[in-house]
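J.: Dropping a structure here in structure tokens format, bear with me for questions.
We did not get these values from a lab; they are worked out from the coordinates using the rules stated. Remember, predicted model here, so these are calculated numbers, not experimental data. Quick reminder, even Gly has a Cβ in these numbers, built from the backbone with ideal geometry, and neighbours come from all protein chains shown.
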Amino acid sequence: MLKLKVTSLLGVVPLILLGLAAAGAQSVPIDLDQAYEHQETRDLVALVNNAAEAVSTKGEAAFAEFRVAGSRWRQGETYIFVLDPQGNMLVHPDPALDGKNVLDLKDINGRPIIRGIIAAVTTLPNKPEGWYHYQWPVPDGLLPRWKSTYARLVTAPSGKRYIVAAGMYNDRMERAFVVDAVTDAVGQIEKNGKAAFALFHDPTGPFLVKDAYIFVVDRNGVDLVNPGFPNLEGRNILDVKDTQGKPLIREMLEVAEASGSGWVDYMWPKPGESVSTLKSTYVSKAQMGDQWVLVGCGVYLADAPKVAPVQRKMTAPELMALVREGAAVLEKEGEKAFPEFRVKGSKWFRDDTYLFVYATDGTRVFHAANPALEGQKGQNVSTAKDVLGRPYGKMMLAVADSPSGEGWVHYMYPEPGDIFPVWKSTFVKRVTFPSGKQYAIGSGIYNMQMDKAFIEDVVNRAAALVSSEGSAAFGQLRDKTGPFRFMDTYVFVDTTDGIELVNPAYPSLEGKNLINLKDVKGKEVVRECIATAMKHGSGWVEYYWYKPGDNTPHRKLTYVHKVQYGSDTYIVASGFYLED
């Protein structure tokens, strides 16, 4: 059994938060080995600290040193840049930015880069240093990647204030990043009260980074802010347990009340994964009016241990076979098969995997796990949406009504007895009863691992849509609540000469020619994807790519499909990352 722990921030918080007490005090006596887990982070912080010390002693004369290519201040992707509090870029290796006012510079998601960096070091008293995270292309690169920038506010001998900073692309999430975010959030709450809550939901703000977000819980366990699960806001989550039965909210409140702040480790599935991974959450008290609230932020650290699955889950092909076999039974027996499908422990009803049947108008005709949902009294599935606003009921009915009559639908839904939605993948198939009436039969699995079957299904459906509507279908492919985007999966479309037409994950690439794009090992992935589709009509291409929110390359498989619409030829594709 994996031992879970609750740790205080003794030796970590005091070091990280030991900033400059006054604008003129430039040295920060922190132990980087204790404050940061990864050498790359320590090196970056040390570089910025040394550059800040140079500005504090030499003033503006240090800027000339920072501009020397190949010097300690400018090595490849890592370089010192200097701003003033008004957003004027005083030192930067990119001539397009150097010497310009860049206050309104934003990343691909509309996140204000310069304003965010300035705010990180100027918003809170006695905290003139901090981290800011955004997406930015590597030098001479096209694809934006998460970049973490560490900044320091310093005062030169002239009395002028400057922001000295540097960023890194190959960062892994650090406990220090989480501490920094929670500290800033506490400061916002103690300054602005409930008005600060909107900041924690803002997708362009500093509090939503990769898969990390700020949450706020009152002393009684009522969820006040939860950008990851907004459906829980206003609900009491005091008795929520992790996948190993640990009462994590109670423990978080106990740590905050006893120590003011600290860490709680627990097991939780990453989005789109079927097994639980150790998640570390930093919590702190924040005074809001005459009461305190709990502020927290969690992170999956690099190489965090996972719990071995207690039981083997069905694979996607196995679930498809089950639904198709159930459909064959219904075509022969109709409603007479329902009692057989209700038997727990049978092949039709195992644990949380069971069959359901919908009429074409969305009425639940049969639901093995909860018969109370059946008939006119139950909710009509045609109006059902998940926590992300995905109309999964309409998606299921649309799949059953499609030319193929079957397919996958992915959405977020709580497991039985739980309140936290998780990704659920459901296979649906059209079936005709002996009466001649058509229905939709389906079954789903929670936290199912990504599979080739999912990708082939979504690409084939996208290809069918593009072949019938051409470029008019592109808006549907970009829709965040539509069937072509789920977890970190999306459909993209290229021309045969490499121009990216649709890319919901990186819209800044649309309209650009990517024919010469290579993966991290030098493979010309766009050329190979186009060649595979043109030669075979469809097929798989393997290469190494970056997961969204992860700067470590992973093996990725992409399925490509050639589509003809009139005289236009398109390459429709989507991919998924293989388990390490």
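J.: From Cα pairs below 8 angstrom and at least 6 apart in sequence, can you work out the relative contact order of the chain, rounded to a whole percent?
T.: Working: 1208 pairs, mean separation 52.2, N = 580.
Relative contact order, the chain: 9 percent.
J.: Output ³J(HN,Hα) for the range 157-167: one whole-Hz value per residue in order, computed from phi by the Karplus curve 6.51 cos²θ - 1.76 cosθ + 1.60 with θ = phi - 60°, and x for Gly and Pro.
T.: Using θ = phi - 60°, the values come out as x, 6, x, 7, 9, 9, 10, 9, 8, 7, x Hz.
J.: Report, in whole Å, the centroid distance computed from the Cα atoms of the range 90-106 and the range 334-378.
T.: That distance is 61 Å.
J.: Among 558-565, 191-198, how do they line up from the highest to the lowest mean number of other beta-carbon atoms within 10 Å?
T.: With the highest mean Cβ count within 10 Å placed first, the list reads 558-565, 191-198.
J.: Using the beta-carbon distance between Ser402 and Leu97 and R0 = 60 Å, what value does 1/(1 + (r/R0)^6) give for FRET efficiency, to the nearest 0.05?
T.: Working from the Cβ atoms, E equals 0.75.
J.: Which net charge results when you count Lys and Arg as +1 and Asp and Glu as -1 among the other residues whose beta-carbon is under 15 Å from that of Thr123?
T.: 0
J.: Quick one: net charge around Val225, please, counting Lys, Arg +1 and Asp, Glu -1 for every other residue with C-beta under 10 Å from its C-beta.
T.: -1
J.: Here's another thing I want to ask about it. Sort out for me the Cα centre separation of the range 170-193 from the range 472-491, rounded to whole Å.
T.: Cα centres, the range 170-193 to the range 472-491: 32 Å.
J.: Now, a different point. Tabulate in residue order the Karplus-calculated ³J(HN,Hα) for the range 490-495, using 6.51 cos²θ - 1.76 cosθ + 1.60 with θ = phi - 60°, rounded to whole Hz; enter x for Gly and Pro.
T.: 8, 9, 10, 10, 10, 7
J.: For the chain, build the charge dipole from Cβ charges (+1 Lys, Arg; -1 Asp, Glu) around the Cα centre, then report which of Leu208, Ala316, Val68 sits farthest towards its positive end.
T.: Ala316
J.: Can you compute 3J(HN,Hα) from phi for each residue in the range 403-419, using the Karplus curve 6.51 cos²θ - 1.76 cosθ + 1.60 with θ = phi - 60°, rounded to whole Hz and x for Gly and Pro?
T.: x, 6, x, 7, x, 9, 10, 10, 7, 9, 8, x, 5, x, x, 10, 10
J.: Starting from the exponent 0.38 and prefactor 2.2 Å, build the expected Rg for the range 512-573 from its residue count and divide its actual Cα Rg by it. Numbers along the way, then the final one.
T.: On the way: Rg = 12.7 Å, N = 62, 2.2 N^0.38 = 10.6 Å.
Scaled against compact globular proteins, the figure is 1.20.
J.: While we're here: Around Gly130, which amide H atoms from residues at least 5 apart in sequence, or from another chain, sit under 5 Å from its own amide H, with H modelled in the peptide plane?
T.: Ala151
J.: Turning to a different aspect of this structure: Between Gln86 and Ala505, how many nm apart are label points set 7 Å from Cα along the C-beta direction?
T.: Between Gln86 and Ala505, the label points sit 4.2 nm apart.
J.: At q = 0.09 Å⁻¹, what log₁₀ I(q)/I(0) does a Debye calculation on the Cα points of the chain give, no solvent, two decimals?
T.: Taken in order of the listed q values, log10 I(q)/I(0) reads -0.80.
J.: Turning to a different aspect of this structure: Taking R0 as 25 Å, what FRET efficiency do you get between Arg527 and Glu469 from their Cβ-Cβ distance, rounded to the nearest 0.05?
T.: The value I calculate is 0.40.
J.: Amide H of Val422 versus every other amide H placed in the peptide plane: which residues, excluding those fewer than 5 positions away on the same chain, fall under 5 Å?
T.: Residues meeting the criterion, in which the H sits 1.01 Å from N, are Tyr413, Glu415.
J.: Compute the signed sum of charges (Lys and Arg +1, Asp and Glu -1) over the other residues within less than 12 Å, Cβ to Cβ, of Gly110.
T.: Working: positive: Lys106, Arg111, Arg115; negative: Asp104, Asp107, Asp202.
Charge balance in the 12 Å sphere: 0.
J.: Using alpha carbons only, how many angstrom separate the centre of the range 405-461 from the centre of the range 518-576?
T.: The range 405-461 and the range 518-576 have Cα centres spaced 25 Å from each other.
J.: Step through the table entries Lys279/Lys344; Lys210/Lys429; Lys270/Lys394; Lys241/Lys556; Lys147/Lys521, compare each Cα-Cα distance with 24 Å, and write down the pairs that go over it.
T.: Among Lys279/Lys344; Lys210/Lys429; Lys270/Lys394; Lys241/Lys556; Lys147/Lys521, the Cα-Cα distance tops 24 Å for Lys279/Lys344; Lys210/Lys429; Lys270/Lys394; Lys241/Lys556.
J.: Between Val502 and residues 5 or more places away or on another chain, which pairs have amide H atoms under 5 Å apart, with H built 1.01 Å from N, and which residues are they?
T.: So Val502 has HN proximity to Val493.
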